[in-house]
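Enquirer: Take a look at the following structure, please.
The values are calculated or read from the model by the stated rules, or taken from the named source; none is laboratory data. Everything numeric here is computed off the predicted structure, so don't read it as measured data. We place every Cβ from the backbone using ideal geometry, glycine too, and count neighbours over all the protein chains shown. Protein only, heavy atoms only, side chains kept; ligands, DNA and RNA dropped before computing areas. Shrake-Rupley method; radii C 1.70, N 1.55, O 1.52, S 1.80 Å.
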Amino acid sequence: MTTFFENLQSLTCVWFEVGDKRNILASMVAGTLFFAGWWFIIDAHAKYPLEMSKAYHVCGIFGTISLFMINSVTNAQIRGDAFNGGYFGARGARTWLFLGFVMGFAAVIAACWILFADFVAAGAQHHWPGVGLFLQNVFIFLGSLTYKFGRSEDL
């Protein structure tokens, strides 16, 4: 029984020490999460087109915009190392990053609100459109966090 736990421990060490493949792995995981998020909403809209209002897609659009906002700012810009001048500097980069996080989190909260207000509490016949919308925004937000914080610092 101890050999099983020893092998399990060595596997976890290999997984967390990916070394030079960390950026590739983080990019693939983030892209997969982003793809899966949009796949959920496409599936929900294709299966139940009458239950899905076109206004529900605004949450996913704002989540995607927040993904671009969060990942357009590098860690060096946040620290203030990459600016030689400019009008906003590191404070502007931090504000842009904060607004990206607020927009992404607001998209997740709005999708949760739509799920419970329009599908669960209203007694809708099908819950999958609301669940698909919620999962879309959660997966997009997790993808943006994975891409931002999963890569190494030297980018």
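Enquirer: Search the stretch 94-112 for residues that are β-branched (Val, Ile, Thr) and pair each with any residue that is open to solvent by 30 Å² or more (accessible area, probe 1.4 Å) when their beta-carbon atoms are under 9 Å apart and the residues are at least 6 apart or on different chains.
Expert: Short answer, once both residue conditions are applied: THR95/PHE88; VAL108/PHE134; VAL108/VAL138; VAL108/PHE141.
Enquirer: When residues of the stretch 37-60 are filtered for being closer than 14 Å to PHE119 by Cβ and either acidic (Asp, Glu) or assigned to a loop (DSSP other than H, G, I, E, B) (or both), how many remain?
Expert: Summing the residues that are closer than 14 Å to PHE119 by Cβ and either acidic (Asp, Glu) or assigned to a loop (DSSP other than H, G, I, E, B) (or both) in the stretch 37-60 gives 5.
Enquirer: If you take the residues in the stretch 97-155 that are of a type in the set (A, V, I, L, M, F, W, C), within 27 Å of ALA76 (Cβ to Cβ) and in contact with a Leu (Cβ under 7 Å, 6 or more places away or on another chain), which one is surrounded by the most Cβ atoms within 10 Å (Cβ to Cβ)?
Expert: Step by step, filter the stretch 97-155, then rank; the result is ILE140.
Enquirer: In this structure, is MET69 in a helix (DSSP H, G or I), at negative phi and open to solvent by less than 70 Å² (accessible area, probe 1.4 Å)?
Expert: Numbers: in a helix (DSSP H, G or I): yes; at negative phi: yes; open to solvent by less than 70 Å² (accessible area, probe 1.4 Å): yes.
It is true that MET69 is in a helix (DSSP H, G or I), at negative phi and open to solvent by less than 70 Å² (accessible area, probe 1.4 Å).
Enquirer: Here's another thing I want to ask about it. Looking at (1) in contact (Cβ under 8 Å) with a residue 40 or more places away in the chain; (2) buried (at least 16 other Cβ atoms within 10 Å of the Cβ), which is the one condition that is false for LYS47?
Expert: (2)
Enquirer: Quick check: anything in the stretch 72-92 open to solvent by 50 Å² or more (accessible area, probe 1.4 Å), under 21 Å from PHE139 (Cα atoms) and among the β-branched types (Val, Ile, Thr)?
Expert: no
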